[in-house]
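J.: This structure is in structure tokens; I'll ask about it shortly.
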Amino acid sequence: MSYIDTREGRLAMRQFVRSAMRIPLLERDQEQRLARRWRDHRDTRALHALVEPHMRLVISIAARYRAYGLPQGDLVQEGNVGLMQAAERFDPDREVRFSTYASWWIRSAIQEYVLRNWSIVRTGTTAAQKALFFNLRRLQARIERAGRSAATPQAAAEIAKQLRVPMRDVNAMRDRLAASDRSLNAPLAEEADAEWQDVLPDERPGPEEIVRNAHDSKTRSRWIELALADLSPREQTIVRERRLAETTRTLESLGDSLGISKERVRQIEQEALNKLREGILRRAGTLEAVTE
């Protein structure tokens, strides 16, 4: 629990809100003068005079995200971070008010905080998923107010179309928002000794699979080296430079080195790959015959 979520913190938060609401708003010319003093002269007094009247904007935007169960004070703190970022980047020479410009930065900072702290599971990693996370409840409520169920496939399709996301993403996010985090150490049932982590499958490869994969990888590498030995020196050079090197060379570069055209390099490469494939298959077939 953060300090702001305590009784003392909530009292301090209320006092902060009241103080912020008493600060008079700025006129456009005042705002531009202060922004220029900060931008051109790094005048911290001008910076404070510019951002303090916009604390009420931070409080207003933070209030829209209370439904996510996070302390309002924490939301306001994050919004203040966004406000300071806006002040750092604001250009007073553009025809836009600081409040309009700052709203985006404040909202972005608060949304990032919500996404980081709403759940221990990372939610909303793309722009489309973030839009879905923050708009799904609003759109579902709108559908409910229209007298329809928001849990139907038709409602999910409507939301997916409006937010331009796949319908499966809408269903997955709806299930995610309806669920809550559960500790892996929580008991499976009351007075039970077993915990949820006891029934989770271990998807890591077992010792036998690890040994088998290592053996198969070593065998494949040996087959490739033996098959390469069947090729001519020029074929080996082309295959190694074009297919096996970390940084592959172009047909034109190899052609210049070997004194042939890039089309001839391409032909030799294809012939060599066919030989290589036949050599590997021949050795694989021999191994199967022996094991049978």
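The values are calculated or read from the model by the stated rules, or taken from the named source; none is laboratory data. Fair warning: this is a prediction, and the values are worked out from it, not measured in the lab. Using ideal geometry, Cβ is built from the backbone for each residue, glycine included, and neighbour counts are taken over all protein chains shown.
J.: Going through 111, 85, 77 one at a time, which residue ends up being in contact (Cβ under 8 Å) with a residue 12 or more places away in the chain, in a helix (DSSP H, G or I) and farther than 29 Å from residue 45 by Cβ? Before you say what the answer is, go through the steps one by one.
T.: Values: 85 fails: farther than 29 Å from residue 45 by Cβ; 77 fails: farther than 29 Å from residue 45 by Cβ.
Of the residues listed, the single one that is in contact (Cβ under 8 Å) with a residue 12 or more places away in the chain, in a helix (DSSP H, G or I) and farther than 29 Å from residue 45 by Cβ is 111.
J.: Would you mind finding the one in 72, 85, 77, 111 that is at pLDDT below 95, over 24 Å from residue 11 (Cα atoms) and under 30 Å from the mean Cα position of the chain (by Cα)?
T.: Exactly one residue qualifies, and that residue is 111.
J.: Which of the residues that make up region 226-253 are more than 41 Å from the chain's Cα centre (by Cα) and part of a helix (DSSP H, G or I)?
T.: Across region 226-253, the qualifying residues are 226, 227, 228, 229, 233, 234, 235, 236, 237.
J.: Could you give every pair whose Cβ atoms fall below 9 Å, whose first residue belongs to region 143-165 and is over 17 Å from residue 175 (Cβ atoms), and whose second residue is of a type in the set (Lys, Arg) and at pLDDT below 90, counting only separations of at least 6 or pairs across chains?
T.: From region 143-165, the pairs are 154/148.
J.: Does residue 92 satisfy the criteria of being loosely packed, with under 14 Cβ neighbours inside 10 Å, part of a loop (DSSP other than H, G, I, E, B) and more than 32 Å from the chain's Cα centre (by Cα)?
T.: So residue 92 does not fit the description; no.
J.: Which condition number in (1) exposed (fewer than 13 other Cβ atoms within 10 Å of the Cβ); (2) closer than 25 Å to residue 284 by Cα; (3) small (Gly, Ala, Ser) is the one that residue 227 fails?
T.: Condition not satisfied by residue 227: (1).
J.: Further question on the same structure: Between residues in region 48-63 that are closer than 14 Å to residue 101 by Cα and not assigned by TED's automatic domain parsing to the domain that holds residue 30 and residues that are assigned to a helix (DSSP H, G or I) and not polar (S, T, N, Q), which pairs lie under 6 Å by C-beta distance while being six or more apart or on different chains?
T.: Final answer for the pair search is none.
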